[in-house]
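Worksheet: one structure, shown below.
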Amino acid sequence: MQVFLETDRLVLRRFTESDVDNLVQLDSDPEVMRFLTGEPTPRAVIEHQVLPKLLSHYELGPAGTWATIEHATGEFIGWLALEPPADGSATEVELGYRFQARFWGRGYATEGARALVRKGFTDLGVQRVWAQTMAVNTASRRVMERAGLKHVRTFFPHFDDPLPGTEQGEVEYELLRADWTG
């Protein structure tokens with residue numbers, strides 16, 4: 001197991017080929033996918049697109065997406081990410097998180113997000129962390145705020161098959177290295 005980061009309650013490790021079932025279980029929950037696609041991600045998509053993309057990020061540079069394990073139980077609870085742009089650079093990364101619904105409300109996303117922001121700014125050369133979600137996804141917005149990110153804009157992209165709440169727009173948050181207080 002290649003550990004990337006540990007917090008008091010979480011272990012963030014690299015994904016491996018053996019994580020297909022973990023990702024399928026995570027993306028099969030309608031509540032988890034409610035503000036993302038509104039439907040489960042097919043297993044074939046996870047096997048042939050999602051997981052290979054996650055694994056390829058490790059070869060490009062220091063940023064990526066990490067399987068998140070509950071320290072006390074060793075159980076896969078989801079993932080946390082500082083997702084790099086296509087070129088693999090770590091100057092600007094997207095903060096992301098996705099957890100099984102039964103682990104929501106425990107502060108894991110905030111704990112992991114804060115630790116990733118810290119590691120990004122202190123060890124990885126990150127200059128800007130940003131995140132985006134639907135405006136109606138108040139729980140995700142709270143995590144962004146608790147991790148130190150600030151709302152920078154609300155925008156209204158076009159979707160051919162919009163999810164409920166899309167009419168209220170998408171929001172973008174950011175934190176610049178120069179504004180981070182540690």
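In the condition set (1) open to solvent by 20 Å² or more (accessible area, probe 1.4 Å); (2) in a loop (DSSP other than H, G, I, E, B); (3) at pLDDT below 95, Ser56 is compliant with all but (2).
Determine, yes or no, whether Phe15 is in contact (Cβ under 8 Å) with a residue 60 or more places away in the chain, in contact with a strand residue (DSSP E or B) (Cβ under 6 Å, 6 or more places away or on another chain) and open to solvent by 20 Å² or more (accessible area, probe 1.4 Å). Against the criterion (in contact (Cβ under 8 Å) with a residue 60 or more places away in the chain, in contact with a strand residue (DSSP E or B) (Cβ under 6 Å, 6 or more places away or on another chain) and open to solvent by 20 Å² or more (accessible area, probe 1.4 Å)), Phe15 does not qualify.
Looking across Val117, Val143, one residue alone is part of a helix (DSSP H, G or I), out of contact with any helix residue (DSSP H, G or I) (no Cβ under 8 Å at 6 or more places or on another chain), of a type in the set (Val, Ile, Thr) and in contact (Cβ under 8 Å) with a residue 12 or more places away in the chain. It is Val117. Give me a count of the residues in segment 31-53 that are open to solvent by 20 Å² or more (accessible area, probe 1.4 Å), in a helix (DSSP H, G or I) and touching a helix residue (DSSP H, G or I) at 6+ places or on another chain (Cβ under 8 Å). Matching residues across segment 31-53 total 4.
Against the list (1) open to solvent by 60 Å² or more (accessible area, probe 1.4 Å); (2) more than 21 Å from Glu6 (Cα to Cα); (3) out of contact with any Lys or Arg (no Cβ under 7 Å at 6 or more places or on another chain); (4) modelled with pLDDT of 95 or more, the condition Asp161 fails is (4). Please work out if Ser28 is free of Cβ contacts under 8 Å to residues at least 24 places away in the same chain, closer than 24 Å to Thr138 by Cα and open to solvent by less than 60 Å² (accessible area, probe 1.4 Å). Considered against the rule, which asks whether it is free of Cβ contacts under 8 Å to residues at least 24 places away in the same chain, closer than 24 Å to Thr138 by Cα and open to solvent by less than 60 Å² (accessible area, probe 1.4 Å), Ser28 comes out as yes. Residues in segment 102-116 that are open to solvent by less than 30 Å² (accessible area, probe 1.4 Å) and either under 18 Å from Gln25 (Cβ atoms) or touching a Phe, Trp or Tyr at 6+ places or on another chain (Cβ under 7 Å) (or both): 5 in all.
What are the pairs with Cβ atoms under 6 angstrom where one residue, in segment 56-76, is closer than 15 Å to Leu116 by Cα and the other, located anywhere, is among the aromatic types (Phe, Trp, Tyr) and outside any strand (DSSP E or B)? Sequence gap at least six, or different chains. Cβ pairs passing all conditions: Gly64/Tyr58; Ala67/Phe15.
The values are calculated or read from the model by the stated rules, or taken from the named source; none is laboratory data. Computed from a predicted structure; not experimentally measured. We place every Cβ from the backbone using ideal geometry, glycine too, and count neighbours over all the protein chains shown. Ligands, DNA and RNA are excluded from the accessible area calculation, which covers all protein heavy atoms including side chains. Shrake-Rupley method; radii C 1.70, N 1.55, O 1.52, S 1.80 Å.
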